[in-house]
Amino acid sequence: MIPDWDSYPAQCLFGFDFGGEFGQTKSFEFFLPEVVLYEDMCLAYNLAVLSKYESKPGSVDKIRSKTFKLHLHTAILSSFYFVEAYLNGIAFDFYFRMKGDRQLSQEEIDKLGEYDSERGRERWVSFRDKMLQYPKIVLGGLKDPPLTEINCPEMKILVSEARALRDSLVHNSPKFELEVVGGKRQLIGKKSQVDNRCKDGRCHNDRRRRRRLCKEA
């Protein structure tokens, strides 16, 4: 028997050491995916700080430089993995526990489960919409989301600068991107935002970044 079973989040994973391989005194352990990813994020960030490397003129340690950038990239990606896992966990646990106790609209149920009930298939909810809508649904009775880019600076960073860095890592591509310049959509050649913003370990806007205008779309 697992004591206080109802106190565990619905998304908990349980591990049992039946063979005594790990020499644990406890009969079982439980894991939350979002907590595991939070620990990954913290470890990656700490390693980035510990491995910080700034090259000097005429002397570049490529291994140290690449190690530092690796930890930076891992920290950026891990932060998104953690936040989305946390939001997904809240949505799942809330729906599992509140089912039948509170009346939810079909639209709310679909958002929590990332499902299209009309078409009978999955419908993914964007990262930004999860941050906006999941707290609103869970708290209930709110006209507007409690957290937005306006009242939460951390959220603004996640959906703007940090998201651009994350996308440049996950969807890295040399192809040109469409941007609105002077009211017209044009093809712009961009350098990697990771190279521009994370050279010294700080994520910032490089206003000196040079862009090459190729042609109008």
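The values are calculated or read from the model by the stated rules, or taken from the named source; none is laboratory data. Model, not experiment: these values are computed from the prediction. Note that each Cβ is placed from the backbone with ideal geometry, even for glycine, and that neighbours are counted across all protein chains shown.
Checking Arg197 against (1) at pLDDT 70 or above; (2) in contact with a Leu (Cβ under 7 Å, 6 or more places away or on another chain); (3) of a type in the set (Lys, Arg), only one condition comes out false. Which one?
(1)
Whether any residue in the range 93-102 is touching a Pro at 6+ places or on another chain (Cβ under 8 Å) and assigned to a loop (DSSP other than H, G, I, E, B) is what I want to check.
no
Checking Glu84 against (1) farther than 23 Å from Ser168 by Cα; (2) in contact (Cβ under 8 Å) with a residue 12 or more places away in the chain, which test does it fail?
The single condition Glu84 does not satisfy is (1).
Filter the range 61-87 for residues that are of a type in the set (Ser, Thr, Tyr) and within 15 Å of Leu37 (Cα to Cα); which is farthest from the chain's Cα centre (by Cα)?
Restricting to residues being of a type in the set (Ser, Thr, Tyr) and within 15 Å of Leu37 (Cα to Cα), the top hit is Thr74.
Take Glu114 and tell me if it is farther than 18 Å from Glu154 by Cβ and acidic (Asp, Glu).
yes
Which numbered condition trips up Lys66, out of (1) charged (D, E, K, R); (2) assigned to a helix (DSSP H, G or I); (3) in contact (Cβ under 8 Å) with a residue 12 or more places away in the chain?
So the condition that Lys66 fails would be (3).
Residue check: is Tyr134 in the same structural domain as Ala162 (by TED's automatic domain parsing) and either in contact (Cβ under 8 Å) with a residue 60 or more places away in the chain or out of contact with any Asp or Glu (no Cβ under 9 Å at 6 or more places or on another chain) (or both)?
The answer is yes for Tyr134.
Tell me whether the range 36-50 contains one or more residues that are of a type in the set (Asp, Glu) and more than 30 Å from Leu139 (Cα to Cα).
No, there is no match, as no residue in the range 36-50 is of a type in the set (Asp, Glu) and more than 30 Å from Leu139 (Cα to Cα).
Among the residues of the range 89-97, is any of a type in the set (Lys, Arg) and either more than 24 Å from Val125 (Cα to Cα) or at pLDDT 95 or above (or both)?
Taking every residue of the range 89-97 in turn, none turns out to be of a type in the set (Lys, Arg) and either more than 24 Å from Val125 (Cα to Cα) or at pLDDT 95 or above (or both).
What are the residues in the range 146-166 that are surrounded by 14 or more Cβ atoms within 10 Å (Cβ to Cβ) and either within 11 Å of the chain's Cα centre (by Cα) or not in a loop (DSSP other than H, G, I, E, B) (or both), if any?
Met155, Lys156, Ile157, Leu158, Val159, Glu161, Ala162, Arg163, Ala164, Leu165, Arg166
Do the conditions hold for Glu108, that is, is it surrounded by 12 or more Cβ atoms within 10 Å (Cβ to Cβ), in contact (Cβ under 8 Å) with a residue 24 or more places away in the chain and over 18 Å from Arg163 (Cα atoms)?
Here the answer is yes, as Glu108 does meet what is asked.
How do the pairs read when you match residues in the range 34-47 that are without any contact (Cβ under 8 Å) to a residue 40 or more places away in the chain with residues anywhere that are assigned to a helix (DSSP H, G or I) and hydroxyl-bearing (Ser, Thr, Tyr), using Cβ under 6 Å and keeping only pairs 6 or more apart or on different chains?
What qualifies is Ala44/Thr74; Ala44/Ser78.
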